[in-house]
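These notes concern the structure reproduced below.
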Amino acid sequence: MTECVLCVVSGNTPGVRGSVVDRLLHLRPSSMVLAVSLDDAGGRYPVVQRFVTDARAQTGGIGARGGSGDPAVILRQDLLSLLPALRERAKRPHVVLTLPGELDLLPFLAELWRPRLGGSSLADHFEPGPVVIGLEAAPFLEHIGCVHRTVRLWDGDGHAASVTLAEAAARQVEAADTLLLPALTGTDARLRRGVAALAGHLNGRASLSTSMDPAAAGPVGGGGWQEWRGRLEPVSVPFTRRGRHEGVESVLWRSRRPLHPGRLADALAPVMNGVVRSRGHLWLSCRPNTVITWRSAGAHLALQESGEWLCDGAPDAWAAASPQRRTLASWFWDGYYGERRNEIVFTGVDLDALGIRSALDTALLTDAELALGKEGWATFPDPLLSTDGTG
């Protein structure tokens, strides 16, 4: 049985992160807090600054520290070093790990909890608690539409990637188990309701509360290495929230037929009208063996080659895939095309669901084009992913 519970807190402003931590400490006053900040000067690694707050004044010997390196490695060692102090407590203790917005939470948590060969893993001593994200409504709404400014997000491999503020805001919400939206002075109630509706569609798995009380959001379980790993797979099924809330809705499009790259490029304008966020994967006819991930935030759309589709006779690829992806592949398996399929979830305000699906259906190969096979498909010009814009 694991000894401790590790809850992760983040938020889109320092103030809202502090408010969430205060609420958690109100629920469990004896929790130990490991607060983290990053000072990124553009080098290979950031400076990771940490401070431990413990109601019992037992800091495990790390107190306030700063050092340059891979944040996942540094924080794993910090947490393990807290164990002697934590073991002195009568009941299973809780640790609140407070992380800054500059961390890409899902890959970071997957690496933080990854089983270690020949070494101690967090899962040997800690149980994953919920990932609690605080959202301040006005900054979130400003960031989710901003594609002109970028921020460097550190993932779990010690690398930083520059993404738009919109992409960073969406990823933070999508990593949560619990979303808390505070009622701050001067914040318009209608704005908060709209942001709550949007956040609820971006992450249909998370419990959501506008009371700033984590207990009011309902009990939620933490994730874990396998769950986070599965959600990072290029082929996954985003959870789709049904219905319209404050004008916000999500539209799911699926197809088991490959897409024509030229007609898909022509369809982008009507498809993306009113879309705030979209995620999924494509089966592009001119690249039939490659998974193409689709990700948009605000007005920025990114299509990226992300490995190959699973196929018969490739045991190594199946073994390397997460259990979630293997299950999905088996469930959706086609005797001829295997795992290949298209699936995208669009979230936005007053979307034209019929228009989105119709435009994408028009971009699918016709029966005559499908009969050409892979050799014929390779001749289609590719204005989306080719370096010269033609294929």
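The values are calculated or read from the model by the stated rules, or taken from the named source; none is laboratory data. These numbers were taken from a predicted model, which means no experiment stands behind them. Counting neighbours? That spans all protein chains shown, and the Cβs are built from the backbone with ideal geometry, glycine included. Side chains included, ligands, DNA and RNA excluded: accessible areas come from the protein's heavy atoms. Shrake-Rupley method; radii C 1.70, N 1.55, O 1.52, S 1.80 Å.
Ordered from highest to lowest accessible area with the whole protein assembly present and a 1.4 Å probe, LEU384, LEU284 read as LEU384, LEU284. Note on surface exposure: SER68, SER250, SER296 rank SER68, SER250, SER296 by accessible area, highest first, 1.4 Å probe. With both residues required to sit in the chain, DSSP beta bridges show an antiparallel share near 65%.
Overall, the anisotropy analysis places the stretch 60-169 in the prolate class: the square-rooted eigenvalues a ≥ b ≥ c of its C-alpha gyration tensor yield a/c not less than 1.5, with a/b exceeding b/c. The relative contact order of the chain comes to 15 percent, based on Cα pairs under 8 Å that sit 6 or more residues apart. Net charge dipole, the stretch 1-131: roughly 380 debye, given to the nearest 20, about the Cα centre with Cβ charges of +1 for Lys and Arg and -1 for Asp and Glu. Per residue, the accessible area of the chain comes to 45 Å² when a 1.4 Å probe rolls over the protein heavy atoms. Couplings for the stretch 142-147, taken from phi via the Karplus curve 6.51 cos²θ - 1.76 cosθ + 1.60 with θ = phi - 60°, read 5, 6, 5, x, 9, 10 Hz in order; Gly and Pro are left as x. Going by accessible surface with a 1.4 Å probe and the largest first, ASP70, ASP124 read ASP124, ASP70.
Of the whole protein surface, ARG256 contributes about 90 Å² of accessible area at a 1.4 Å probe radius. Summing +1 for each Lys or Arg and -1 for each Asp or Glu among the other residues whose beta-carbon sits under 10 angstrom from that of LEU351 gives -2. Of the solvent-accessible surface of the chain, computed with a 1.4 Å probe and all protein chains present, 52% belongs to carbon and sulfur. As a size descriptor, the averaged projected area of the C-alpha convex hull of the chain was calculated at 21.0 nm². The alpha-carbon atoms of the stretch 69-123, seen along their principal axes, cover 35, 29, 18 angstrom, with the largest extent given first.
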